[in-house]
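> The structure under discussion is supplied below as C-alpha cells; questions concerning it will follow.
The values are calculated or read from the model by the stated rules, or taken from the named source; none is laboratory data. Predicted, not measured: the structure shown is a model, and the values here were computed from it. Don't worry about glycine lacking a Cβ; one is built from the backbone with ideal geometry, like all the others, and counts go over all protein chains shown. For accessibility, only protein heavy atoms count, side chains too; no ligands or nucleic acids. Shrake-Rupley method; radii C 1.70, N 1.55, O 1.52, S 1.80 Å.
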Amino acid sequence: MTSVPPRVFVLVRAYNEEPVIGEVLDGVTAFWPPEQVVVVDDGSSDRSADVAASRGVRVVRHAVNLGAGAALATGFAYVLERSAEAVVVFDADGQMFPEDIPRVLEPVLHGECDVAVGTRFAGVQPEGLWWLRRVVLRAAAVFTRLTVRLPLSDPHNGFRAFSRKAVEAIRLSQDRFAYASEIAQEIARLGLRWREVPVRIAYTEHSRRKGQSSLGALDIIGDLFWRPKR
Ligand SMILES: Nc1nc2c(ncn2[C@@H]2O[C@H](COP(=O)(O)OP(=O)(O)OP(=O)(O)O)[C@@H](O)[C@H]2O)c(=O)[nH]1
Ligand SMILES: [Mg+2]
C-alpha cells in the first residue's frame, strides 16, 4: 500500500495498556495518519487514554470496563459515523505488528472479501505461545468449524479488517471475548465473503502477564450459551 486511503480507519481497543500503548501507537502512526486511528479506551483504570491522546489519535472512552466485544461495537459505531469505507482492528498490547496492517486490509480494499481474519497458524508458528494456549486456540477453531461451519484456522485472532458493508451488517451482542465467536457466526449468518491472512502475533512479557488465561475459554463458552444477550 503506497498511500493510505482516506476513510480507512485503524481501530485499537485498549484496557489498561499504559506501559505499551504509546509505543504501539507510535508504530501505527508511523505510517497511518493519526486522525484515522481510533482508540477505544475500555474504562481503563490507568493512563492508557491520556497516553493515546498524546499521540494525536482519536480517543473514545467507556466510563467503565465493558469488555473487548463492547469496545469493538463502540469502535464500529464511531467509524460508521465518520463514513468509514473499511476498518482494521489492531490490539493495544504490543502483540501485533503495524507492518501487517496493509496486508490484512488489502483483500477488503480490493473488494475480494468483506472480512479478512488474521491467522497465526499459517506458516511460521508463533514464538512463545504456551502449549495450553495453543491447544485452546486450536479447540476454538474446531468449535467454530462444528458450530458455525466456518473453517477459520484462528477465529480468536483479534487482527481483522472489515468492509463498511460488514461493519453495518454485523450485530454484536457479546460484550466480552465471546464476541470473536459471534463474529464467526455473523459471517456465516450474513453470508459475508471472508478470507484468512497470515499475521504474526508476539507473546511478550506484558501480554503474558495481562492477556487471557487458558481458562478464559470456559468463560467464553459460558457467555455463548448461558449469558443473556445484550
Ligand atoms: N483483557 C481485556 N482486554 C480488553 C478489554 N477491553 C478491551 N481490551 C483490549 O482488547 C485487546 C485484546 O485483549 P487481550 O486480552 O490482549 O486478548 P488476546 O490478545 O485475544 O489474548 P492474549 O493472546 O492472551 O493477549 C487488547 O488491546 C486489550 O487492551 C477487556 O475488557 N479485557
Ligand atoms: Mg493480546
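> With Cβ to Cβ distances under 11 Å as the rule, what net charge do the other residues near residue 122 carry (K, R +1; D, E -1)?
Working: positive: 120, 200; negative: 154, 196.
With Lys, Arg at +1 and Asp, Glu at -1, the net is 0.
> First compute the accessible area of the range 80-189 with a 1.4 Å probe, then give the percent of it belonging to carbon and sulfur atoms.
Ligands and nucleic acids excluded, carbon and sulfur reach 54 percent.
> Still on this structure, please answer the following. Based on alpha-carbon positions alone, could you give the equivalent ellipsoid semi-axes of the range 81-155 from the gyration tensor, as √(5λ), descending, whole Å?
24, 17, 11
> Something else now. Find the Rg to Rh ratio for the range 72-213, where Rh is the Kirkwood radius over alpha-carbon pairs and Rg uses the same atoms.
Reported Rg/Rh, Kirkwood definition of Rh: 0.94.
> For the range 1-60, state which chymotrypsin sites (Phe, Trp or Tyr not before Pro) are in a DSSP loop and have at most 15 other beta carbons lying within 10 Å of their beta carbon.
Taking the range 1-60 and a limit of 15 other Cβ atoms within 10 Å, the loop chymotrypsin sites (Phe, Trp or Tyr not before Pro) found are 31.
> Something else now. For the peptides 160-170, 57-67, what is the packing order when you average, over each peptide's residues, the other Cβ atoms within 10 Å and list the highest mean first?
160-170, 57-67
> Grab the Cα-Cα distance for residue 208 and residue 112, subtract it from 0.36 nm times how many residues apart they are, and report the gain in nm with one decimal. Show your work: numbers first, answer last.
Working: separation 96, 0.36 × 96 = 34.56 nm, distance 3.46 nm.
Taking 0.36 nm per residue and subtracting the Cα distance, the gain is 31.1 nm.
> Just the number please: accessible area per residue for the chain, 1.4 Å probe, all protein chains included, in Å².
On a per-residue basis, the chain sits at 47 Å².
> Convert 20 °C to kelvin, take the viscosity as 1.002 mPa s, use the Kirkwood radius over C-alpha pairs of the range 1-150 as Rh, and evaluate the Stokes-Einstein diffusion coefficient in µm²/s, rounded to a whole number. Could you put the intermediate results ahead of the total?
Numbers: Rh = 16.5 Å.
Once the numbers are plugged in, D ends up at 130 µm²/s.
> Another one. Label points 7 Å out from Cα along the Cβ direction at residue 63 and residue 149: separation in nm?
Each label point lies 7 Å from its Cα, and together they span 4.4 nm.
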